[in-house]
Amino acid sequence: MQEVTKPPAALPPPPQEPEVSTKELKQQQQIMVVLVGLLVVFIVFTLASVYFLLQPTTDTEKIRDVFIIFLALLSMILMLILIVLIYQLSVLINLLQNEIKPIITSTNETVSTLRGTANFLSENVTEPVIKLNEYFAGFSQFFSLFRASSKRVKTTKKTNNQGE
C-alpha cells in the first residue's frame, strides 16, 4: 500500500516593510538639511579662500599652506565616506545572510515539492491514461480490420453474384 504523505506547509508570508513614522521623516529631513548646510559652507569657504589667495599681495607659501589644509580636509571627508561605505557593505552582507538566504532556501524546497508532485502525477495519472488510450486505439484498429475485411467479402460476393 502506498504511504500517504502530508502536503508541505505553506510558505510564510513575505515580511512587511515597516512604515516610516513622521518622527523618522523629520529626523531624516534634519540630517539632510545639516549635510546640505555643511556642503554650502564648505563651498563658500573654498571660493572665499581662492578669491583671497589670488590677490597679488598674497605669498606663495600661504597658497601652499591653504592647499595642504584643503587636501587634508578632503582626505578626512573621503575617510568618512569610506567608513559609511564599509558600514553599508556590512548591512548588505547581513541582509543577504539573514533574509535573502532563507527565501532562496524556501524557494528551493518549493521547487523540489513541485518536482515531486509532477513526478507523482506523471506516474499515477498520466501514464495510466496514456496506456488506456493505447489499448483503446489498438482495439479500435483491430475491430476496424474486421469491418474492412467483412466489407470486402460482401462486395466480392455481390460482384460475383452479379457476374453470374
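What are the pairs with Cβ atoms under 6 angstrom where one residue, in the range 100-129, is hydroxyl-bearing (Ser, Thr, Tyr) and the other, located anywhere, is surrounded by 10 or more Cβ atoms within 10 Å (Cβ to Cβ)? Sequence gap at least six, or different chains.
Ser106/Leu11; Thr113/Pro8
The conditions are (1) surrounded by 10 or more Cβ atoms within 10 Å (Cβ to Cβ); (2) modelled with pLDDT of 85 or more, and Thr155 fails exactly one of them. Which is it?
It fails just one condition, (2).
From the list Ile77, Ile63, Ile86, pick out the single residue that is closer than 25 Å to Leu38 by Cβ, β-branched (Val, Ile, Thr), at pLDDT below 85 and part of a helix (DSSP H, G or I).
Matching residue, one of Ile77, Ile63, Ile86: Ile63.
The values are calculated or read from the model by the stated rules, or taken from the named source; none is laboratory data. Because the structure is predicted, anything quoted here is derived from the model rather than measured. Don't worry about glycine lacking a Cβ; one is built from the backbone with ideal geometry, like all the others, and counts go over all protein chains shown.
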